[in-house]
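These notes concern the structure reproduced below.
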Amino acid sequence: MNFNEIQSAWNNDPENGGKVPTTLDQLKPAGLPLDKIKKNLQNEFVYQIVSIILLAFLPQLYRFDPAFYVWYYVSYAMFVSICAYYLIRLLLFYNRIRNYNANTKDSLYETYFDIRLNIEMYKTFSFSLMPFVLIFIAMFVISANKSAMIEMIQTGIFPQAVLIQMAVGFVLSMVIFALATEWWTHTFYGKYAKEIKSLLDKLKEA
Amino acid sequence: MKGKEQEFLARIQTHKGILYKIAKMYMDNRDDQDDLFQEMICQLWKSYDSFRGDSQFSTWMYRVAVNTAIASFKKEKKKPDKFEITTNNIGEHDEDSGLQELQIDHFYKALHKLDKIEKALVFYHLEGYSHIEIGSNLGISEGNARVKLSRAKTKLKEIIQKQGYEF
């Protein structure tokens, strides 16, 4: 076999595969990375809505001190505003029509930067929620140990062990939250960016 | 809208053979090939408004279809056993058409071992594109296209030889 024979076989290949639908409604596409990311985002949108609804009842479910209610719902309102802002932005972003008319390199660059931008936006979103998570945890901890906490606040004496526990808990929560965000974005979005970056590298000057 | 859709589908019907060839180049089993085929039609439709008629429909279609194939990832699922080409299969073909059929089978099998960019280079080459046209479609220089195509062909030759076929 040589390339002339391959060319001849290619030209004569009576390719009959592929069924063209009679209407475009019958198409079932789902293979492109941005479409997959969009699907992931849509799923997350549902989980976020469920979480937001459940968080609205957190003070009642965990019997928070009624004195915290106002502070909780002020924080909660800010939390919901931030969630709504980012989720709407992310969904609008992926409803844009992609450009596959450009040459391969430009098309891949556009896809790559879109995915990178999504990852960064997602991380910003997650980190902006972190203070609220800490506030909610703090309210939960204080409500669960109400009498001891009131005593400490009234006397102004905080045992060193409690302060260390609070500091360690705070730092650990931040680290776990940050690592979880990194892992999540890498697993669900980063692999697509990595694959497209490797294709772009292959287009570089030989 | 319906008229435009029908016009589009009629054009795709005319060129469906080449679209399926691209799908066969990029995917190694029937299910993935059918999925990619549908994906390409979908992306072509989404981009159809940008087709101005300055170039031939097929030229525009090649670019969008190849870009779609390059940007597509396989579904993460267990693959069925692939059809292995062995010397036992040779007897199943008639002399002339059978030989070409066997050659094209070996060729596709070897193609699946190339990366996505190399597949695009070989595809454009087989469709008679010049180095400058290949470069223009991929967004690289003519020289880069020439070097990369030459390397892809050498790699393809080595793979075919490893499959036990003389080249």
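The values are calculated or read from the model by the stated rules, or taken from the named source; none is laboratory data. Remember, predicted model here, so these are calculated numbers, not experimental data. Cβ atoms come from the backbone with ideal geometry, glycine included; neighbour counts cover every protein chain shown.
Tabulated values for the structure
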item	result
Within the range B:141-167, tally of residues that are buried (at least 21 other Cβ atoms within 10 Å of the Cβ) and at pLDDT below 95	2
Which listed residue is surrounded by fewer than 13 Cβ atoms within 10 Å (Cβ to Cβ), touching a residue at least 60 places away in the same chain (Cβ under 8 Å) and either farther than 30 Å from A:Ile150 by Cα or more than 14 Å from chain B (Cβ to nearest Cβ) (or both), from A:Tyr72, A:Tyr62	A:Tyr62
Extreme residue, farthest from the chain's Cα centre (by Cα), among residues of the range B:1-42 that are surrounded by 19 or more Cβ atoms within 10 Å (Cβ to Cβ) and of a type in the set (Phe, Trp, Tyr)	B:Phe37
Selected residue (only one of A:Ser198, A:Ser147 is within 14 Å of chain B (Cβ to nearest Cβ), exposed (fewer than 13 other Cβ atoms within 10 Å of the Cβ) and either in a helix (DSSP H, G or I) or at negative phi (or both))	A:Ser198
A:Leu199, sole failed condition from (1) modelled with pLDDT of 80 or more; (2) within 19 Å of A:Gln48 (Cα to Cα)	(2)
Selection count where residues are surrounded by 15 or more Cβ atoms within 10 Å (Cβ to Cβ) and either without any contact (Cβ under 8 Å) to a residue 12 or more places away in the chain or touching a Leu at 6+ places or on another chain (Cβ under 7 Å) (or both), scope the range A:123-137	1
Checking A:Ile157 against (1) in a loop (DSSP other than H, G, I, E, B); (2) surrounded by 12 or more Cβ atoms within 10 Å (Cβ to Cβ), the condition it does not meet	(2)
Only listed residue being at pLDDT 90 or above and more than 10 Å from chain A (Cβ to nearest Cβ), chosen from B:Glu84, B:Glu127, B:Glu133	B:Glu133
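Each row is one residue, and each column tells you yes or no for (1) part of a helix (DSSP H, G or I); (2) without any contact (Cβ under 8 Å) to a residue 12 or more places away in the chain.
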site	(1), (2)
B:Ile104	yes, yes
B:Phe107	yes, no
B:Leu114	no, no
B:Lys119	yes, no
B:His125	yes, no
B:Gly128	no, yes
B:Gly135	yes, yes
B:Val147	yes, yes
B:Lys155	yes, no
